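The values are calculated or read from the model by the stated rules, or taken from the named source; none is laboratory data. This is a predicted model, so every value here is computed, not measured. Cβ placement follows ideal geometry from the backbone for every residue including glycine, while neighbour counts extend to all protein chains displayed.
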Amino acid sequence: MNLTPRHLHVFVVLADALSFQKAADQLHITQPTLSKLVKTVEELVGVRLFERSTRHVSLTRDGQALLEIARQTVNGYRDGLNNFEQMVRFRNQRVAIAALPTLAATLLPKLITALGRTHPQARVQVFDVIANEAMQLLYDRKVDIVLAARENASQTLQFTKLFVEPFVLMHRPDNHIGLKKWDVAGLSTLPIISMPQGTSTRSGVDDYFSAHKAIFSPTFALRDLNTISQFVRSGCGVAILPWSAARPFLRDDLQICYLKGAPHRYIGIFTLKGLSHSELTLHVMRSLIRMSAELPMPNE
């Protein structure tokens, strides 16, 4: 039985109206077209559904039996489409972003403020998490994009570069750094404050030390950037951070030291390959590219 939702809708409208003229008007079709559709429905179900004369239309016993089923199906179909359309509208006004904490603090406040002006109905959900957690959210499709450092190539991910940044030392002005270049032996003599293992920042430093046959052993491994900045201010050590992570904390009591030969990392947008994006998501990506181009990148 190949009844379509349209067939059932026509049947319900005529069953409620019990008039070919009224039903045709409601359906915005002609009476001959309606008669043809009703005949098709009856042929598909194999029974007569209506008794009709020149002046009277009524449901047969089989028609009455079908009516409630058809009405529930038509209403469910309509409600389902309405819910889908609502979901699409909602989806196109929502974007979920997972970002490394360093990038969430640097890029997202300005982005969200700008969206409030250009897309006042937009809803932005932000997850400031470490790299592994951010990528898992993307694989699970809980977020639309991830802002992170490119570490390893993936066949399932699309990477759009935003900028390239160096690792720097953040220190107090009275703590004079004697180093001029990024040197494993020299860095090992400093009371280094770093982020913990599992973070993108720590991986970049660990990889550099490992490539030079050394083990990176910071004095303190702290996840929160505010805590790191307070430790530096209090004279507990010198922080190794990516430039974007150190930049928000630069005040009179903190400075950045750029070292020649310091490792760099590529920062960008990760998305899942093969997926289409809403207009809002595409707008966010374009905005991030534009904002990144306007960042006052360091002169080493």
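Every residue, every condition in (1) farther than 26 Å from residue 251 by Cα; (2) surrounded by fewer than 15 Cβ atoms within 10 Å (Cβ to Cβ); (3) out of contact with any helix residue (DSSP H, G or I) (no Cβ under 8 Å at 6 or more places or on another chain); (4) in the same structural domain as residue 248 (by TED's automatic domain parsing), yes or no:
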site: 132; (1), (2), (3), (4): yes, yes, yes, yes
site: 137; (1), (2), (3), (4): yes, no, yes, yes
site: 146; (1), (2), (3), (4): yes, no, no, yes
site: 178; (1), (2), (3), (4): no, yes, no, yes
(request) Give the residues of the range 6-40 that are farther than 22 Å from residue 72 by Cα, polar (S, T, N, Q) and assigned to a helix (DSSP H, G or I), sorted by residue number. (result) 21, 31, 33, 35
(request) Could you list all residues from the range 252-300 that are at pLDDT below 90 and over 30 Å from residue 184 (Cβ atoms)? (result) 252, 274, 275, 276, 277, 278, 279, 294
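Within the bounds of the range 68-83, is there any residue that is in contact with a strand residue (DSSP E or B) (Cβ under 7 Å, 6 or more places away or on another chain) and touching a residue at least 12 places away in the same chain (Cβ under 8 Å)?
Applying the first criterion (in contact with a strand residue (DSSP E or B) (Cβ under 7 Å, 6 or more places away or on another chain)) to the range 68-83 yields none.
No, the conditions are met nowhere in the range 68-83.
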(request) Quickly run through the range 207-257 and pick out the residues that are in a strand (DSSP E or B) and closer than 13 Å to residue 192 by Cα. (result) 220, 221, 238, 239, 240, 241
(message) Need the failing condition index for residue 193 against (1) assigned to a helix (DSSP H, G or I); (2) over 26 Å from the mean Cα position of the chain (by Cα); (3) hydrophobic (A, V, I, L, M, F, W, C), just the number.
(response) (1)
(request) Name the single residue, out of those in the range 52-64 being in a helix (DSSP H, G or I) and out of contact with any strand residue (DSSP E or B) (no Cβ under 9 Å at 6 or more places or on another chain), that is surrounded by the most Cβ atoms within 10 Å (Cβ to Cβ). (result) 62
